[in-house]
Every structure is written in C-alpha cells, then in structure tokens.
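Undergrad: Quick one: this structure, given as structure tokens, is what I'll be asking you about.
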Amino acid sequence: MALLLYITAEGAVLTRLVGIRRRGGHVEQDILIDDSAQARVVTCILHWPHSSGFDAHCLARLIYPDLSGQPTAVLSEIASNPDALGITGDFASAATAFLDVVRPYMTLDPEQVQWFAHHGLFSSYDPTGAETLTEVTMPFDGNRYHSDLRGHRLLTPEEAAQALVRWQMVPIPDSLARLGHFD
C-alpha cells in the first residue's frame, strides 16, 4: 500500500489530499481532508460492494464540527453511479464502508453520526426536481450499520436548505473536480 499526501492552504482552510493505493487490489482512494476553525470535512468518492452484487459509488462527506457538535455524514448520489445501484436502497452498506474510510482521520462513535442521503441535479444525467436531503437513522451493531426505508425521513425544502447552509459544504461539481472525478 502506498500513501501520498499533498497539503495546501487556502484562506483559513488547510487541505490535505491523501491518496491510498493498494497493490494487487482494486482500491484507489483519494481522500480530501479540509480543516478550518469550524470543522474538519473528509471527502471522497466512496466505492462499496452494493447489495445487488455490483460495485457502487457516491460522493461521501463527513462534517466533523468542534467538540460541541455531532458529526454529520452526507452521501450524495452522483450521475456516474448506475441508477440500479443507488444509495437509498443500500444505505447501510455505504455508511459502513464510509465509516471504515474516515476512522483513521478522527475518533468517531458510530452511533452518534447523523446520516443523510443527498440527491439533486448532480444525481442523474437527466435531472428532475429540486435538491433533497433524506435523514437516515440506523442502528449500529458494533461492526456495521443496518437499515431499511422505515428509518428514512425526507427533509422539507426549508430544512434541507438550512442544513446545506449550516454545513457549508463545497458544491458537488467542485468536490468531484477536486477529486479528479469527471463524468
């Protein structure tokens, strides 16, 4: 396994690009870590084995605020992932895979992470509708998350807009470009 680290500073945000390559394996993971006074944000193109038996991917971000706040994970459906391999139908597997990615960079209690599925114009090559956030509540058994659609709650447009402003995430196209993911 090789580890590449690039560090840049822009304004009040320190960015580290961590590239993880595994010899003989299929994992090639670039992870962005943005540190500011407000939060640490870990961003990557998350690849996981979908429950349908195929490899799926999404844009995954963990916003880890200062000690007074809860960590928030946002998994964004992106157009390059086939529709049949969407995050909504296999959210627990995606969440478990993302937890494995972020754990080396911060101490997390899996039961304290707030999870959200994020959809919008970036989710399809034929986009329709507004940007949405779905809160996903899942139990963690010590090894992995478990979920079904009963734990999903679609936020109102107002709640979604407030959450997106509060998190101050880099826009999806910019995040994808920073990770070298172009459709």
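Undergrad: Testing LEU133 on (1) in contact (Cβ under 8 Å) with a residue 24 or more places away in the chain; (2) out of contact with any helix residue (DSSP H, G or I) (no Cβ under 6 Å at 6 or more places or on another chain); (3) surrounded by 13 or more Cβ atoms within 10 Å (Cβ to Cβ); (4) closer than 24 Å to LEU32 by Cα, one condition comes back false. Which one is that?
TA: Checking LEU133 against (1) in contact (Cβ under 8 Å) with a residue 24 or more places away in the chain; (2) out of contact with any helix residue (DSSP H, G or I) (no Cβ under 6 Å at 6 or more places or on another chain); (3) surrounded by 13 or more Cβ atoms within 10 Å (Cβ to Cβ); (4) closer than 24 Å to LEU32 by Cα, the one that fails is (2).
Undergrad: Right, another one. Can you say whether THR156 is farther than 23 Å from ALA37 by Cβ, at pLDDT 95 or above, out of contact with any strand residue (DSSP E or B) (no Cβ under 6 Å at 6 or more places or on another chain) and loosely packed, with under 15 Cβ neighbours inside 10 Å, as far as the supplied structure shows?
TA: yes
Undergrad: Here's another thing I want to ask about it. GLN162 fails exactly one of the following numbered conditions: (1) of a type outside the set (Gly, Ala, Ser); (2) farther than 15 Å from VAL113 by Cβ; (3) not in a helix (DSSP H, G or I). What is the number of that condition?
TA: Unmet for GLN162, out of (1) of a type outside the set (Gly, Ala, Ser); (2) farther than 15 Å from VAL113 by Cβ; (3) not in a helix (DSSP H, G or I): (3).
Undergrad: Which number in (1) touching a strand residue (DSSP E or B) at 6+ places or on another chain (Cβ under 9 Å); (2) over 23 Å from ALA39 (Cβ atoms); (3) not in a helix (DSSP H, G or I) marks the one condition that ILE78 misses?
TA: Single failed check for ILE78: (2).
Undergrad: Looking for something touching a Gly at 6+ places or on another chain (Cβ under 7 Å) and not in a loop (DSSP other than H, G, I, E, B) - is there at least one such residue anywhere in the stretch 136-143?
TA: Yes: one or more hits.
Undergrad: While we're on this one: Among the residues of the stretch 104-115, write down those that are surrounded by 13 or more Cβ atoms within 10 Å (Cβ to Cβ), free of Cβ contacts under 8 Å to residues at least 60 places away in the same chain and part of a helix (DSSP H, G or I).
TA: PRO110
The values are calculated or read from the model by the stated rules, or taken from the named source; none is laboratory data. Remember, it's a predicted structure, so these values are computed and weren't measured experimentally. Because the Cβ atoms are built from the backbone with ideal geometry, glycine has one as well, and the counts that use them run over all protein chains shown.
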